[in-house]
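Nothing in this text is a laboratory measurement; each read-out follows from the coordinates by a stated rule. This one's a predicted model, so the numbers in the text were calculated from it and none came from an experiment. Counting neighbours? That spans all protein chains shown, and the Cβs are built from the backbone with ideal geometry, glycine included.
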Amino acid sequence: MSEPEPVPSCTTGEIAVADLLDRVLHKGLVLWGEATISVAGVDLVYLGLKVLLTSTDTVNRMREAAASPPDGRNHHAG
Amino acid sequence: MFVDACGLVCAASETLAATIPPDSAHVWRHQEVVGALMKGGPVLPLRFGTLTEDAAACRRLLTRHHDVLRAQLDRVRHCLEFALRVAGLPEMADPATGPMPRPAELGPGAAHLRTLARRERGWPSSTAEFPHDGLTAHAADRLLWARSPSQPDLRASFLVPRAYASSFLADVSALQHLRPDLGITVTGPWPPYSFSDPDLSGGAP
């Protein structure tokens, strides 16, 4: 798989923090349903999973990348 | 850990916490994980602090909503989000009330409120009125955030195909030089938070 062209990044500084907080706390997929027990601090039970969503293909590529020599990036799920 | 169902995967971690406090460390950790996932393909970031009871419950959600979720993943495929802020526009006189008193003639509180009122009148009220449509030339989608007295900046989100990201930023830079009075700032790239928010509360499609 070829590497995508690097994109100039501006994700530091006070405005970047404010923009990130706007998005992380107010946007993002909301999966309300019988299986969702808490969103943004509205707690219902004491055991759960923090979840992010992606496709099987994406994870397979990540697993392949993880099997390659390390590039110094942290890929732990949070 | 990864929870698979219907060709979708939730990247998850187990926790005993009842809530995840939105402090800086947790938010940046969340961002790091989403950013790492994005290196491999399209990702729909869930609202920060989303918890499910267990892996089986997570799998039920994927199964129940897989059609909508796959459509959303296709929508953001190969795209990045950029955040744009416009901190100021030229003040507009209100023809209904005539010239406003200069701030020096008002108390500090009144002057502040008057400034906010001027901004409210002078700025666009919907995405259809965004003042610089040229920025959408390289964007797949955009949205304008609601403004309030506590959030007076004009804030916009742009969904930009990765291949056009440099062109989009060049457009922003050109606009910054052309209109320094607008106080434009751009941050990103971010995961497509603003374009990953379908309301699935209505049950299975």
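The length gained by stretching the chain between B:S13 and B:R179 to full extension, at 0.36 nm per residue less their Cα-Cα distance, is 55.2 nm.
Full extension of the chain between A:E64 and A:H26 yields a length gain of 10.4 nm, computed as 0.36 nm times the residue separation minus the alpha carbon distance. Peptide B:20-32 is shielded by partner chain Cβ atoms: per residue, an average of 4 of them sit within 10 Å of its Cβ.
Pairs of Cα atoms in the stretch B:2-77 fall into 10 Å distance bins, from 0 up to the last occupied one, in shares of 17, 49, 31, 2 percent. If R0 equals 22 Å, the separation of the Cβ atoms of B:H78 and B:A146 corresponds to a calculated FRET efficiency of about 0.20. Dividing the mean sequence gap of close Cα pairs (under 8 Å, 6+ apart) by how many residues the stretch B:2-77 holds gives a relative contact order of 41 percent.
Remark on B:L46: its backbone amide H falls under 5 Å from those of A:L29, A:L53, a criterion applied only to residues 5 or more positions apart or on other chains, H modelled at 1.01 Å from N. Computed from the C-beta positions of B:M1 and A:T12, the FRET efficiency with R₀ = 35 Å rounds to 0.70. Please list, in chain and number order, the residues 5+ apart from B:V9 or on another chain whose amide H is under 5 Å from its amide H, with Hs placed from the backbone. It is A:T54, A:S55, A:T56, by chain and number.
Computed from backbone phi, the HN-Hα couplings of the stretch B:171-188 come to 4, 4, 4, 4, 5, 4, 6, 6, 10, x, 5, 7, x, 7, 10, 10, 10, x Hz, rounded to whole numbers (Karplus: 6.51 cos²θ - 1.76 cosθ + 1.60, θ = phi - 60°; Gly and Pro given as x). Multiplying the residue separation of B:R70 and B:S24 by 0.36 nm and subtracting their alpha-carbon distance yields 13.5 nm.
Evaluating 6.51 cos²θ - 1.76 cosθ + 1.60 at θ = phi - 60° for every residue in the stretch B:140-148, the Karplus couplings come out as 7, 6, 7, 8, 10, 7, 5, 9, 8 Hz, glycine and proline recorded as x.
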